[in-house]
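Have a look at the structure below, then the notes.
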């Protein structure tokens, strides 16, 4: 999935050491545009944490996956970013194609012309 918006807050870099070695996590907040803007917290793990460094107040496109996990009968959801690009661009979030201009939506179609 992808989301376009403005990077409004870069949270403090977190790091530690676990059973698999050293880990790093960078969380950041992106605000969507539109009539009802939403704020979304994303996280970047490992070496990818450097992708958002020093870009606050910039337009960004965030490519991410959503993952939920259970712990002690409670569910936790995280938006894990895997790529952050500067500039929100102009492409659609939903990959919708614009219909061709030469289609007449008022044209009558008989049942004989349907392909199924």
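Read-outs throughout are calculated quantities, based only on the coordinates presented, and are distinct from any laboratory measurement. This structure is a prediction, so every number in the text was calculated from the model and none was measured. With ideal geometry, Cβ positions are generated from the backbone for all residues, glycine too; neighbour counts draw on all protein chains shown.
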In nm, the gap between the two label points placed 7 Å beyond Cα toward Cβ at residue 73 and residue 9 is 3.2 nm
Quick shape summary for region 2-90, equivalent ellipsoid via Cα gyration tensor, semi-axes whole Å in descending order, reads 24, 17, 10
Burial-style ranking of 9-18, 25-34, average other-beta-carbon count within 10 Å with highest first, yields 25-34, 9-18
